[in-house]
Structures are given as structure tokens and as C-alpha cells.
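Novice: Provided herewith is a single structure, encoded as C-alpha cells, for subsequent inquiry.
The values are calculated or read from the model by the stated rules, or taken from the named source; none is laboratory data. The shown structure was predicted, so the numbers you read here are calculated from the model rather than taken from an experiment. FYI the Cβ positions are ideal-geometry reconstructions off the backbone, even for glycines, and counts take in every protein chain you see.
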Ligand SMILES: Cc1ncc(COP(=O)(O)O)c(C=O)c1O
């Protein structure tokens, strides 16, 4: 038998070698391996709405099983336009301004690949949803990170302004924000919008948590889309998805809303990346996006209950928590436990305590940042959250 010769060529591209596999998804695999309660990756463990599932099953039974139009079936695009008018007050042309994608994940990378040239800078608030860094590498963008400062995750306006230059092509705004739970205020959004207009920059807004908000007294917590602000409709790509709002993260159906010229670029990239999103699930999407306001009210109320169950459990166990105003994550500070870093702590939590979370450093660009932070998600059933609380009670603070 001959032994295989070592290849003279690298088989992994420079781009692919510049980033690691997702830490978030890895934590799910670790949770499964050690039987830990999985509060790492953000997907519900409760049933998706029965009527939405029924529409998908009907669509398959009715033989809606071939390719949809590459940029999305007409029914679904029409439903997206109607919902966007209802929720955001924006008139969108479904024929020229919507691209249906395989999740918002594909929407974001398709938008970046369609608009960014090699060397262009893209501004990213940090901590950030971990996909944005590989998205930047894959689309040849140079990320420019601007910190969000705890406890309220505000940014320094001078720092943000100084990140903008003639090299800036775009800024990514995730609002409501993963991982921090921040909901950007109107004042902050207007400041960002002003810079985008001044520097003629695009804004990619990840709005997949647009309905998951926790209004409170004394604060103006509401969802503002960048596309609603003056001068921004023509320079914003709204990236959205069915995943979180309808509890169907495995369906992989998302969409981008952008002005016609940008949309035509996104549609081309999308076509050659994926051809299209699943046709029967788009049919169910047309139904889901036509649900009445009460659906979103209950979604919000249920998430508030889940947040208010996990927050005290984390605090009682010794975590310092950053109370989220939106999305379904809680960022925490783990200093009280006396671990060298977030990775060591997460390993301990999964293997010895039986609860999985995500190490904070995976939301930062530089190693060293986020080392005393971990993120928990609470898009889980009562039973799961109770089980997590029982196990967290076994944790011991060391200082
Ligand atoms: C901020 C953010 N964007 C995008 C995604 C991925 O969403 P999708 O399922 O639509 O691809 C997630 C998933 O957790 C997320 O938190």
C-alpha cells in the first residue's frame, strides 16, 4: 500500500483559513455531547405555531415542490411588502425591492457581496453577532470595530464618527441587538443615519428581533428601522427573517429589503449562491406574515415571561446580568466566579453544572475582550428554563 503524498498545494483558501467554525454552533454540539441544558444557540425548543406548520404541510401536499422564482415567490413578497407597510410604515415595491433568501444569514452575506469591493471598510459595533466577521472576510470587506460600552451598551459618538472615512462602504447595525439585548434609541439611530448620509455610506440592518422587545417605564423602547429615518430609505438594506418571529429557525427563510439598484445586485448574488429559498416554506411565510397584531403581542408577552424567569436565576447563581430591552439573550459578567477566562468557565458550566452558554470572547474581534462575559439565551420552554435554574443553583462564586 502506498501512503498518500503530502500535497504541494494548500487546499483551503486563504479566506476560509481566516476564520474558525462558529463557536455558538459548537456550543450546541458540546451541550448535546455532555447532556447540558442548551442555553447557547438561539433557537426555540418549543413547538412552532400549528397553523404556520399546517400551511407548509399543505403546500407540500399541493405539490408546491419546485423552484420558486429565484428572488422569492410573489405571494410571499407581497406579504412582506404588506407587513412592512403595517409595521414600519414603509411602502416597498415587491417587484423591485425584495429578495427572499435562505435565512437572514444568506441575506447579510449576499447584501455585502453585492455592494462591497475589496478593501472597502464596513463598520461593525462590538460585541457583535459572530457571523459578521466571516461575512466581512468572505465579501473582502475590512471590518472597523466600534465598541458598545456596558452596562447600557452605548457608543461614543466621537469614536463612531472617527471610524467613518472615504474608505467606508457600509455600517452594520443589529437592532434589537444580539448579543447585548440593546435596543438603539431614536437619538442614536439618527446620529448613525446622519453619518451614513454625510459619508454616503450604506447601512445593513439586521432586524430579525424586531418584534422581541421589552418596553419599560421611563424608557422609549420601540423598534425603529434605519430605513424609516430621513435620507436612509435609499441607502439601507433591511435584513430580516422568519426564524425568530415565527419560531422556525430551521426553515431558513429570510429576506432583504433594499432600493431597486441594490436589490438587483443582491438578487444576482443570491441566485448564484442558492437559486432560492424553499418554495413550500415561502407559501407558509405568506400566511405567517399576514397574521394579525395579536400574534406579535403574545410573542412579546411570552418572551418577557421567559426573560423574567432566567434573569433572577442567573442573578441568584452569582452572575452580574445586563438586562436586555430586546432580542432573547442575556449577556452576563462572570467575574464573581474567579475563572481565568470565559472559555474555561463555559467548559465548567457545560461539563460540571450541565448548562451550556456562549463564551463572550466569540462576540469580539480581538482575543482578550469578552473574557469575563458569557451569553445565555432564553428562547426555551418553561421546563427547560426551570431545569437550567436548578442546575445553575449548584454554581459557587469564588470571590
Ligand atoms: C443577529 C442575528 N442575525 C442573524 C441570525 C441568523 O438568522 P437566520 O436564521 O435568519 O439566518 C441570528 C441567529 O441567531 C442572529 O442572532
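Novice: How many residues does the range 342-366 hold that are surrounded by fewer than 17 Cβ atoms within 10 Å (Cβ to Cβ) and part of a loop (DSSP other than H, G, I, E, B)?
Specialist: Final tally of qualifying residues: 1.
Novice: Under 6 Å between Cβ atoms, which residue pairs at least 6 apart in sequence (or on different chains) link something in the range 304-326 that is part of a loop (DSSP other than H, G, I, E, B) with a partner that is surrounded by fewer than 18 Cβ atoms within 10 Å (Cβ to Cβ)?
Specialist: 318/336; 318/397; 325/221
Novice: Here's something else I'd like to know. From 216, 267, grab the single residue that is away from the ligand (no atom under 14 Å from the Cβ) and in contact with a helix residue (DSSP H, G or I) (Cβ under 9 Å, 6 or more places away or on another chain).
Specialist: 267
Novice: Among the candidates 369, 380, which residue alone is in a loop (DSSP other than H, G, I, E, B) and crowded, with 19+ Cβ neighbours inside 10 Å?
Specialist: Among 369, 380, only 380 is in a loop (DSSP other than H, G, I, E, B) and crowded, with 19+ Cβ neighbours inside 10 Å.
Novice: Please work out which one of (1) touching a helix residue (DSSP H, G or I) at 6+ places or on another chain (Cβ under 6 Å); (2) more than 16 Å from the ligand (Cβ to nearest atom); (3) under 30 Å from residue 250 (Cβ atoms) is the condition residue 124 fails and give its number.
Specialist: Just one mismatch for residue 124, condition (2).
Novice: Taking only the range 119-138 into account, find how many residues are farther than 25 Å from residue 330 by Cα and modelled with pLDDT under 95.
Specialist: 4
Novice: Still on this model: Which of the residues belonging to the range 62-82 are within 16 Å of the ligand (Cβ to nearest atom) and not in a loop (DSSP other than H, G, I, E, B)?
Specialist: 76, 80
Novice: Restricting attention to the range 92-104, and to residues there that are away from the ligand (no atom under 12 Å from the Cβ) and crowded, with 18+ Cβ neighbours inside 10 Å, which single residue is farthest from residue 264 (Cα to Cα)?
Specialist: 92
Novice: Identify, from the list 191, 184, the residue that is in a loop (DSSP other than H, G, I, E, B) and more than 11 Å from the ligand (Cβ to nearest atom).
Specialist: That would be 184, the only listed residue that is in a loop (DSSP other than H, G, I, E, B) and more than 11 Å from the ligand (Cβ to nearest atom).
Novice: For the condition modelled with pLDDT of 95 or more, farther than 15 Å from residue 204 by Cβ and buried (at least 22 other Cβ atoms within 10 Å of the Cβ), what is the one hit in 107, 72, 89?
Specialist: Just a single option satisfies the conditions, and that option is 72.
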